Amino acid sequence: RGCTRRDPDAEPSADLVNRQFCVDGPDRLWVMDITEHPTGEGKVYLASVLDAWSRRVVGWSIADHIRAELVVDALQMAVWRRRPAEGQTVAHSDHGSQYTSWAFGKRLRDAGLLGSMGSIGDAYDNAVAESFFSTLQRELLDQRPRWETRQELALAVFEWIEGWYNTKRRHTSIGSVSPIDYEAAAAIAAAAA
């Protein structure tokens, strides 16, 4: 993928996750990353935010650039959708300059999220996000020999995330149900308890 460009002058967040991606409820741990894919017009970049508990993509952003706004927009979608309690959600990423940017750090602080970063160059430190991108690559991106336009690919990614991955795709890590079904079943169980 090659999207991560570290800013050597930036101060990274501590690793609050230590490869412990199993959490006991929603909005305890969000994992974030960026991927890129070529089209006939140039690259498309996707920033995603996943809830590690349910594997649901709670925020995402697509652009033709890899500036900090890309990850800020994905995080903003997640915050808007989930409205996490202040000081309760760990937001875990790599050391990419987008995630160490002032704009992203400000958005984290404003939302009351706890920033976390794995070690440099180790995919296992963000395994849930890496697994999501591997699934995206296998199930969508590799299905076409060439995507002609950025808009065509962006629309396909949108439909795959919101119309398939979150709503229908089954995950063995959550009992072979979709992320939305998993969250709905947990909410019903919690209400009945």
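The values are calculated or read from the model by the stated rules, or taken from the named source; none is laboratory data. The model shown is predicted, which means the values in this text are computed figures rather than measured ones. Here Cβ is always computed from backbone atoms with ideal geometry, including for glycine, and neighbour counts include all displayed protein chains. Side chains are part of the model used for accessible areas, which takes the heavy atoms of the whole protein and leaves out ligands, DNA and RNA. Shrake-Rupley method; radii C 1.70, N 1.55, O 1.52, S 1.80 Å.
Which of (1) over 25 Å from ARG169 (Cβ atoms); (2) at pLDDT 95 or above; (3) of a type in the set (S, T, N, Q) does ASN18 not meet, given it meets every other one?
It fails just one condition, (2).
Among what's in the range 22-52 and is surrounded by fewer than 23 Cβ atoms within 10 Å (Cβ to Cβ) and in contact with a Lys or Arg (Cβ under 6 Å, 6 or more places away or on another chain), pick the residue that is nearest to GLY112 (Cα to Cα).
The qualifying residue nearest to GLY112 (Cα to Cα) is ASP27.
Looking at (1) open to solvent by less than 10 Å² (accessible area, probe 1.4 Å); (2) at pLDDT 95 or above; (3) under 15 Å from TRP30 (Cβ atoms), which is the only condition LEU70 fails?
All conditions pass for LEU70, except number (3).
With respect to ILE188, determine if the residue is in contact (Cβ under 8 Å) with a residue 40 or more places away in the chain and either closer than 16 Å to LEU50 by Cβ or open to solvent by 60 Å² or more (accessible area, probe 1.4 Å) (or both).
When the stated conditions are applied, ILE188 does not pass them.
Among the residues of the range 97-108, is there at least one that is closer than 16 Å to ASP27 by Cβ and touching a His at 6+ places or on another chain (Cβ under 6 Å)?
Among the residues of the range 97-108, not one is closer than 16 Å to ASP27 by Cβ and touching a His at 6+ places or on another chain (Cβ under 6 Å), which makes the answer no.
So which pairs qualify, if the first residue must be in the range 120-147 and of a type in the set (Ser, Thr, Tyr), the second must be open to solvent by 40 Å² or more (accessible area, probe 1.4 Å) and modelled with pLDDT under 85, the Cβ gap must be under 9 Å, and the two must be at least 6 apart or on different chains?
From residues that are of a type in the set (Ser, Thr, Tyr), the pairs are TYR124/ARG19.
Testing PHE158 on (1) within 20 Å of ALA78 (Cα to Cα); (2) among the hydrophobic types (A, V, I, L, M, F, W, C); (3) open to solvent by less than 60 Å² (accessible area, probe 1.4 Å), one condition comes back false. Which one is that?
Answer for PHE158: the failing condition is (3).
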